[in-house]
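The values are calculated or read from the model by the stated rules, or taken from the named source; none is laboratory data. This structure is a prediction, so every number in the text was calculated from the model and none was measured. Cβ placement follows ideal geometry from the backbone for every residue including glycine, while neighbour counts extend to all protein chains displayed. Each accessible area value is taken on the protein alone, full model and side chains, heavy atoms only, with ligands, DNA and RNA left out. Shrake-Rupley method; radii C 1.70, N 1.55, O 1.52, S 1.80 Å.
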Amino acid sequence: MIGIKSILKLFSLMIITTASVVILTIFVNYIFDMRGIEHLLYNEMQETAFRMQLEMAQMVIYSSATSLAAVSAVVLLFSISQFINESSAELGVLKALGYSENRLALRFAKFGIAVLIGAGLGYLLAFALSPLFYDMIDGGGYLPVRLSFGFNYQTLLIMVVMPTVLFTLLSIFYAKFKLKKRPLELITGAKKTKPSKLNQKLQSKNSDRPFIKELRRNMLFSSIALIFFMALSGFGFGAQIQMAFSMQQVSQDVTMAMIFVVMGLVLGVVPMLLSLNFIMAKNRKHLAILKAYGYSEREISKAMFGGYRIVTYVGFAIGTAFQFMITMVVAGIYELDGGVSFHWIGFIIVLPTFILFFESLMFLYRWRISKVPLKEIMQS
């Protein structure tokens, strides 16, 4: 039931895991390597450089580990939920034949392989890229020795073994939770649907609204996970990429800026593409009905994706505010004279870049709608 093809569908999770582990492995291992030379410090200048390098590495870990881990977890749960929905009939038959929820849920342990592949690849890439990073973050030449990337078993446990074990367990328990349905419900896809108070209020308020506007709002509030994904995309793009400008301003280190640009692209692009693909696949019936009634691609795109525009932009705004607060914390750690102000040049660059990127995706998916034959949609 769950084979290699199913695991390969988690390609986005592998990408996020790889990017996360590359960045975090370098800095986690850097901390362990720095601790190994602490006994060699013999003057105040070296101690100051040592302390600032440790604080820089810790800041990257604290500001990135939580968000990257959260994104990876959401992508994993989202993928498992989608797989269960697509395979609900098969799972229902197995459950009807006497398979327990625990036995079926254990099959989802294979999803941990995606995390293992991503983490393992990221760990190896960290070793390959470490000479470049260590040359750039060498403490300004004030450290007693030149650091080289050494093997620390603690880093291997933290960055490869622990994520694999935790995400495997998460896959099993979440699958068990999603499988708490009667076999007939899984086979037929039927489920007891009780309109939420939010949907009831929306429907009562939207009774006099035009059809497209009402459909757009209903699609938006039909999935809290998709709202979270799209908001997270805007947040990651706004917080991490703008952080690159602030970190360059604070530490005068281009390496740090590039790290946050990569993290921003991973957090901003991958969840957004995953969400838009899922929205289009999930709403093929709506797409068929709208096309059959003569609605244009622009109107269909507005109904399917338009509601997520404000969500994404709000996420970007929150990410920008979060970035500013983190920058102030970093400035406080480094005790910079006069603090640090908001990087307006960075904002002026990132904001139109984000708008151009998002609206280009909207145009791309509108084009994809126009290329889907009506006959193909009706037969799906």
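All conditions but one from (1) loosely packed, with under 14 Cβ neighbours inside 10 Å; (2) at pLDDT below 50; (3) under 27 Å from residue 302 (Cβ atoms) apply to residue 194; the one that does not is (3). Considering the range 312-345, the residues that are over 19 Å from the mean Cα position of the chain (by Cα) and either among the aromatic types (Phe, Trp, Tyr) or modelled with pLDDT of 85 or more (or both) include one that is nearest to residue 260 (Cα to Cα), namely 324.
Rundown of residues vs (1) in contact with a strand residue (DSSP E or B) (Cβ under 8 Å, 6 or more places away or on another chain); (2) assigned to a helix (DSSP H, G or I); (3) in contact (Cβ under 8 Å) with a residue 12 or more places away in the chain; (4) open to solvent by 40 Å² or more (accessible area, probe 1.4 Å), yes/no style:
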| site | (1), (2), (3), (4) |
| --- | --- |
| 106 | no, yes, yes, yes |
| 111 | no, yes, yes, no |
| 134 | no, yes, yes, no |
| 157 | no, yes, no, yes |
| 161 | no, yes, no, yes |
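Checking each residue in the range 163-191 for being open to solvent by 30 Å² or more (accessible area, probe 1.4 Å), among the aliphatic types (A, V, I, L, M), at pLDDT below 85 and not in a loop (DSSP other than H, G, I, E, B) picks out 184, 187.
Does residue 274 satisfy the criteria of being at pLDDT below 80 and in a helix (DSSP H, G or I)? Yes; evaluated as a whole, the condition is true for this residue. I need the full set of residues from the range 15-50 which are of a type outside the set (S, T, N, Q), assigned to a helix (DSSP H, G or I) and either in contact with a Pro (Cβ under 6 Å, 6 or more places away or on another chain) or exposed (fewer than 15 other Cβ atoms within 10 Å of the Cβ) (or both), in order please. 35, 38, 39, 40, 44, 45, 47 - these are the residues of the range 15-50 that are of a type outside the set (S, T, N, Q), assigned to a helix (DSSP H, G or I) and either in contact with a Pro (Cβ under 6 Å, 6 or more places away or on another chain) or exposed (fewer than 15 other Cβ atoms within 10 Å of the Cβ) (or both). Only residues that are within 20 Å of residue 263 (Cβ to Cβ) and either modelled with pLDDT under 75 or over 21 Å from the mean Cα position of the chain (by Cα) (or both) were counted across the range 346-368, and they come to 3.
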